[in-house]
1. Can you go through 121, 133 and tell me which one is over 26 Å from residue 21 (Cβ atoms) and crowded, with 21+ Cβ neighbours inside 10 Å?
2. Give all pairs with beta carbons closer than 7 Å in which a residue from the stretch 3-27 that is in contact (Cβ under 8 Å) with a residue 12 or more places away in the chain and closer than 15 Å to residue 105 by Cβ meets a residue that is basic (Lys, Arg) and in a helix (DSSP H, G or I); count only pairs at least 6 apart in sequence or on separate chains.
3. Looking at the stretch 90-116, which of its residues are hydrophobic (A, V, I, L, M, F, W, C) and over 11 Å from the mean Cα position of the chain (by Cα)?
4. Considering only the stretch 82-136, how many residues are in contact with a helix residue (DSSP H, G or I) (Cβ under 7 Å, 6 or more places away or on another chain) and either in contact (Cβ under 8 Å) with a residue 40 or more places away in the chain or of a type outside the set (D, E, K, R) (or both)?
5. Anything in the stretch 89-117 that is over 22 Å from residue 79 (Cβ atoms), surrounded by 14 or more Cβ atoms within 10 Å (Cβ to Cβ) and aromatic (Phe, Trp, Tyr)? List them, or say none.
6. Can you pull out the helices (runs of 4 or more DSSP H) entirely within the stretch 62-139 that have at least 3 residues that are out of contact with any Asp or Glu (no Cβ under 6 Å at 6 or more places or on another chain) and under 25 Å from residue 27 (Cβ atoms)?
Amino acid sequence: MDNSILFPVFYMFILTISVFLLSTLLRFKSVWVDKAVSMEDLHKIPVPDSASLIIRQANRNLINLFEFPIFFYIICAAIYLSESTNDYLVSLGYAFFCLRLAHSVYHIFINQTKLFPWRAMFFLPSLAVTFLMWLDFLI
């Protein structure tokens, strides 16, 4: 059974864990090094407005990584279980991962949407990639 469609899924897992660790480290730094907020404040969900912007953005990005990518995970599982893996679908899987990586980096560290919604330039193509994967699988 060809498992190459699972590699982009694994990389998405690594991305999600990385954002989780970054968010956790930023929270600990804010409490213990910067002494900017109390530990109780940073355990609240959602993160309070008293938290730094980067903590709020990292937390929001982590939440994003549990929302939309579920459709990617489902189609990858369906492709794998039905033994429908092909180079085109694997390439789309890697494209999805790269777009989500760029989306996460932009969301956490830049996130400027006043002049132009740049973050959407990473999100919308990832939506299209997922749609193409579903379309190829179903047809």
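1. Result: 133 is the single residue among 121, 133 that is over 26 Å from residue 21 (Cβ atoms) and crowded, with 21+ Cβ neighbours inside 10 Å.
2. 12/100; 15/100
3. 90, 92, 95, 109, 110, 115, 116
4. In the first step, residues of the stretch 82-136 are kept if they are in contact with a helix residue (DSSP H, G or I) (Cβ under 7 Å, 6 or more places away or on another chain); the result is 84-85, 88-89, 92-97, 99-104, 106-108, 111, 118-119, 122-123, 125-126, 129-130, 132-134, 136.
Adding the requirement that they be either in contact (Cβ under 8 Å) with a residue 40 or more places away in the chain or of a type outside the set (D, E, K, R) (or both) leaves 84-85, 88-89, 92-97, 99-104, 106-108, 111, 118, 122-123, 125-126, 129-130, 132-134, 136.
Residues flagged as in contact with a helix residue (DSSP H, G or I) (Cβ under 7 Å, 6 or more places away or on another chain) and either in contact (Cβ under 8 Å) with a residue 40 or more places away in the chain or of a type outside the set (D, E, K, R) (or both) within the stretch 82-136 amount to 31.
5. Residue satisfying the conditions is 106 alone.
6. In the stretch 62-139, 87-109 are the helices (runs of 4 or more DSSP H) which contain 3 or more residues that are out of contact with any Asp or Glu (no Cβ under 6 Å at 6 or more places or on another chain) and under 25 Å from residue 27 (Cβ atoms).
Each value in this text was obtained by applying a stated rule to the coordinates, not by laboratory testing. Everything numeric in this text was worked out from a predicted model, so none of it was measured. Glycine gets a Cβ as well: all are built from the backbone with ideal geometry, and neighbour counts include every protein chain shown.
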